[in-house]
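This report concerns only the one structure given below.
The values are calculated or read from the model by the stated rules, or taken from the named source; none is laboratory data. Source: prediction; values computed, not measured. Methodologically, a virtual Cβ is constructed for each residue, glycine included, from the backbone with ideal geometry; neighbour enumeration extends over all protein chains shown. These area figures cover heavy atoms from the full protein model, side chains too; ligands, DNA and RNA do not enter into them. Shrake-Rupley method; radii C 1.70, N 1.55, O 1.52, S 1.80 Å.
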Amino acid sequence: MTTKIKGNESSLPLRKDVKHLGNILGEVLIHHGGQELLEKVEIIRKLAKELRETNNEHTYNQLKLEMEQLEKPVRRQVIRAFSKYFHLVNVAELNHRIRRKREYQLSQEKGVQPYSIERAIMAFKQKNLSEETIQEVLNTLSLELIITAHPTESTKRTILESQKRIATILKQLDNPMLTKKERQHFNDDLFEEITIMWQTDELRQERPTVMDEVRNGLYYFEQTLFDVLPEIHQEVQDALQENYPNFEWKVPNFLWFGSWIGGDRDGNPNVTPDVTWQTLHKQNELVIQKYIGAVDELMKKFSHSTDR
């Protein structure tokens, strides 16, 4: 199952990853649905692509006929195939963003990455903003990003974990020092992970509870946000220091997160005071666990002798 992503030379690695993941998904479809399933998916994909490019009525009718003629079991498999494919494309795109950021950091020719924190602070300097003005803004700056409550859109944690493992493998495949045997090993891991993803239901058999949604929301804090936030503040500090080296910068915590999950009572009778209390307990518990883990790592790292 392959597709073509348009773009310039910088998107070549992304197109390569998407094609690679699509080919592996195609192998998985053959293993679990037979060659007929893959052929049906390819026919529909090509017609959809042609329709997008030409907006041709004949192509539209062909595509509509193909989908109407699908028997119910096959139709379900085709829908799942496209759903899994777009999950993989999203993973590839996220990996490519990380790759592009590293390319800018490694290459002096590319300069500073557009829309980055460093580029924004360079713009401050070009507009002759003073250090005092910037520091005053930082002292009053507060950005709060809110996670909204949409239980029907909640992705299962098993799917999120699968996507994370696939992203890790893609990152490892970028290593130019891999041997042929190591590269094959990672490709085998990709096949295994995509097979697992194919065999995993995306939707729960039962309607998720509010606490299911709470756990899903906390997943992002546990796996990403808790560790990334200090890095963002440090990136601001470093960029300011580089562009305004003669000023003693003090970057406060300006980025915060909030959540409606477990506390939004507007139209949801299941969000009771007891549920909100459990939600606060889960949030508190996660933060304490993250801090305990960080202190444990410091204890392992700082092996200083009391005699020194």
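Tell me which residues, restricted to region 254-282, are farther than 30 Å from residue 136 by Cα and open to solvent by less than 60 Å² (accessible area, probe 1.4 Å). Step through it out loud before you land on a result.
Of all residues in region 254-282, those farther than 30 Å from residue 136 by Cα come to 260-282.
Residues satisfying the conditions are 261, 262, 263, 264, 268, 271, 272, 275, 276, 279.
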> Residues in region 196-206: is at least one at pLDDT below 90, polar (S, T, N, Q), open to solvent by 70 Å² or more (accessible area, probe 1.4 Å) and outside any helix (DSSP H, G or I)?
Replying inline: yes
> How about region 78-122: which of its residues are closer than 18 Å to residue 30 by Cβ and either without any contact (Cβ under 8 Å) to a residue 24 or more places away in the chain or not in a helix (DSSP H, G or I) (or both)?
Replying inline: 79
> If you take the residues in region 247-306 that are without any contact (Cβ under 8 Å) to a residue 60 or more places away in the chain and polar (S, T, N, Q), which one is nearest to residue 218 (Cα to Cα)?
Replying inline: 284
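Hey, among the residues in region 236-249 that are open to solvent by less than 60 Å² (accessible area, probe 1.4 Å) and part of a helix (DSSP H, G or I), which one's farthest from residue 138 (Cα to Cα)?
Of the residues in region 236-249, the ones open to solvent by less than 60 Å² (accessible area, probe 1.4 Å) are 236-237, 239-240, 243-244, 247, 249.
Those left that are additionally part of a helix (DSSP H, G or I): 236-237, 239-240, 243.
On the way: 236: 10, 237: 11, 239: 14, 240: 11, 243: 16 Å.
My answer is 243.
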> Is there any pair linking a residue in region 58-77 that is open to solvent by 100 Å² or more (accessible area, probe 1.4 Å) to one that is modelled with pLDDT of 90 or more, with Cβ under 6 Å and at least six apart or on different chains, and which?
Replying inline: 60/51
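Just a yes or no: is a residue in region 137-154 small (Gly, Ala, Ser), more than 28 Å from residue 234 (Cβ to Cβ), touching a residue at least 40 places away in the same chain (Cβ under 8 Å) and not in a helix (DSSP H, G or I)? First the steps, then the outcome.
In the first step, residues of region 137-154 are kept if they are small (Gly, Ala, Ser); the result is 142, 149, 154.
Right, trim to more than 28 Å from residue 234 (Cβ to Cβ) and you get 149, 154.
Add one more test, that the residue is touching a residue at least 40 places away in the same chain (Cβ under 8 Å), and what stays is 149, 154.
When the remaining residues are screened for being not in a helix (DSSP H, G or I), the result is 149, 154.
The answer is yes; a qualifying residue exists.
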>> Looking only at residues that are open to solvent by less than 50 Å² (accessible area, probe 1.4 Å) and more than 17 Å from residue 41 (Cα to Cα) in region 2-20, which one is modelled with the lowest pLDDT?
In response: 5
> When you go through 23, 61 one by one, which is the residue that is at pLDDT 90 or above and within 20 Å of residue 92 (Cα to Cα)?
Replying inline: 23
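From the list 162, 142, 116, which residue is closer than 22 Å to residue 255 by Cα and open to solvent by less than 40 Å² (accessible area, probe 1.4 Å)? Explain how you work it out, then say what you get.
Details: 162 fails: closer than 22 Å to residue 255 by Cα; 142 fails: open to solvent by less than 40 Å² (accessible area, probe 1.4 Å).
Just a single option satisfies the conditions, and that option is 116.
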>> With the structure loaded, tell me whether residue 85 is closer than 19 Å to residue 168 by Cα and either at pLDDT below 90 or among the aromatic types (Phe, Trp, Tyr) (or both) or whether it fails that test.
In response: yes
> Looking at 90, 23, which one is polar (S, T, N, Q), touching a helix residue (DSSP H, G or I) at 6+ places or on another chain (Cβ under 8 Å) and within 22 Å of residue 164 (Cβ to Cβ)?
Replying inline: 90
